[in-house]
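Participant: Take a look at the following structure, please.
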Amino acid sequence: MKYTELRSLHESYGARMVPFAGYYMPVQFEGVNIEHETVREKVGVFDVSHMGDIWVKGPYAFDLLQWVTSNDVSKLYDGKVQYSCLPNGKGGIVDDLLVYRFDNETYLLVVNAANIEKDMEWLNKQNKFGAVLYNASDEISQIAVQGPLALKTVQKLTSVPVENMEYYTFQKIDFAGVKDVIFSITGYTGSGGCEIYCENKDIVNIYKAVMDAGKEYGIKPIGLGARDTLRLEMGFCLYGNDIDDTSSPIEAGLGWITKFTDEKNFIDKEFLLKQKQEGVKRKLCGFEMIDKGIPRQHYEIYNDRQECIGNVTSGTMSPSLKIPIGMGYVKTEYSKVNTIIYIKIRDKLFAAKIVKLPFYKK
């Protein structure tokens, strides 16, 4: 079991700690619903130091990334971030990730905690170009400050203007007395905010400074439970639930990060292009429950003839909407908005309807 540098602080705030992706992490502090509401309406702080950090450097860094990722790395410029995925050569996904471009020979990949070793192995296997790979996951800590008052909070801790930074950009700044902090605007909650990356030795002081700066805005520490309900309301995929080694980015609705240009050759390009042109047999969709029942991962989905047509990948009672929501793969003919489907919960079928994502509209 690994521990983040913030473990003692979490415990001092009364966190309920659980094993997650090989790390001991806070799942909740006051409760998922309260924490969820705090991020939607005010500001909350997540410890996301468990995420993986892989440097790709050298004159061939671009060539490797253009080959292994589905998105078009040539569209990046210094200070720009890109959401992408790593196709696995069999029509599935090794991982989804963020690509940070520092310059044309320096990129940082932010990957899922559970996939760090798998991703490194995959990148090394594909690195016929001679790019320099370095796994810095154990050296970098990260917090996400999220919510409509997040940027007001963190602006107090830097002289660099950050409140109007463009979505999916980053810069290196002095923050809370620490030099060269990586400060980015991406987010996994749909409520605005930023991410702060620093060396392990600096994260406790930065976390405390952010908590102090946000006191007037009602800041709270937030656990992984609310992180999951927030991302699900936005229809954001979670690796291991909604996407994995068996799902393609086209099936998962990630065609927008799968770029088919003449200049870009990448793993599974021909297979994925065929899927895009000819269509897929199943699609990842969002649904809202009509009957009372909460959908959970692996529950089966049925049609009105009681035929199994798919399965639930994520589900919860939405704290913002006060209704049960979920995502799941269904046969394509059932993927149209307003189609009635049925979720099997404890051997009974509960009606639901397909809806357009995101569930939560600001």
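Participant: Explain nothing, just compute: Karplus ³J(HN,Hα) = 6.51 cos²θ - 1.76 cosθ + 1.60, θ = phi - 60°, for every residue of the range 317-326 in order, whole Hz, x for Gly and Pro.
Facilitator: After applying 6.51 cos²θ - 1.76 cosθ + 1.60, I find 8, 5, x, 7, 8, 6, 9, x, 10, x Hz.
Participant: Something else: For Lys362 and Asp245, calculate 0.36 nm times their separation in residues minus their Cα-Cα distance, and state this gained length in nm to one decimal. Mind showing how you got there, number by number?
Facilitator: Values: separation 117, 0.36 × 117 = 42.12 nm, distance 3.24 nm.
Full extension of this stretch gives 38.9 nm more.
Participant: Want the number for Ala351 to Asp262: 0.36 nm per residue separation, take away the alpha-carbon distance, what's left? If you can, show how the numbers build up before the last one.
Facilitator: Values: separation 89, 0.36 × 89 = 32.04 nm, distance 4.48 nm.
Answer, rounded to one decimal: 27.6 nm.
Participant: For the range 281-362, rounded, prolate or oblate, judged on the Cα gyration tensor with a ≥ b ≥ c (square roots of eigenvalues), a/c < 1.5 rounded, else prolate if a/b > b/c? List each step's numbers first, then the result.
Facilitator: On the way: a/c = 1.73, a/b = 1.23, b/c = 1.41.
Because a/c hits 1.5 or more and a/b fails to exceed b/c, the range 281-362 counts as oblate.
Participant: Taking the Cα centre of the chain as origin, sum charge times position over the Cβ atoms of Lys and Arg (+1) and Asp and Glu (-1), and report the length of that vector in debye to the nearest 20. If you can, show how the numbers build up before the last one.
Facilitator: Numbers: 44 positive and 47 negative charges, 219 e Å.
Its charge dipole is roughly 1060 debye.
Participant: Non-local amide H neighbours of Lys2 (under 5 Å, H modeled in plane, Pro and chain starts lacking H): which ones?
Facilitator: Tyr23, Tyr24
Participant: Of the listed peptides 73-82, 38-47, 302-311, 138-147, what is their order by residue-averaged count of other C-beta atoms within 10 Å, with the highest listed first?
Facilitator: Details: 73-82: 16.2, 38-47: 24.6, 302-311: 14.1, 138-147: 21.7.
Highest to lowest by the protection proxy: 38-47, 138-147, 73-82, 302-311.
Participant: With contacts defined as alpha carbon pairs under 8 Å and 6 or more residues apart, what's the relative contact order of the range 1-118 in percent?
Facilitator: Values: 182 pairs, mean separation 25.5, N = 118.
Value for the range 1-118: 22 percent.
Participant: If I model a spin label as a point 7 Å beyond the Cα along the Cα-Cβ vector, how far apart are those points for Met17 and Asp212 in nm?
Facilitator: 2.5
Participant: Could you work out [θ]222 nm for the chain from helices alone, using -39500 (n - 2.57) per DSSP H run of at least four and dividing by all its residues? Round to the nearest 500 deg cm²/dmol.
Facilitator: Values: 8 runs with 75 residues, N = 362.
It lands at -6000 deg cm²/dmol.
Participant: Note down the nm distance, to one decimal, between modelled labels 7 Å out along Cα→Cβ at Glu166 and at Asn200.
Facilitator: 3.6
The numbers here are math on the coordinates, done by the rules we state, and not lab data. A quick note: this is a predicted structure, and the numbers were derived from the prediction, not measured. For neighbour counting, all protein chains shown are included, and Cβ atoms are generated from backbone atoms with ideal geometry for every residue, glycine included.
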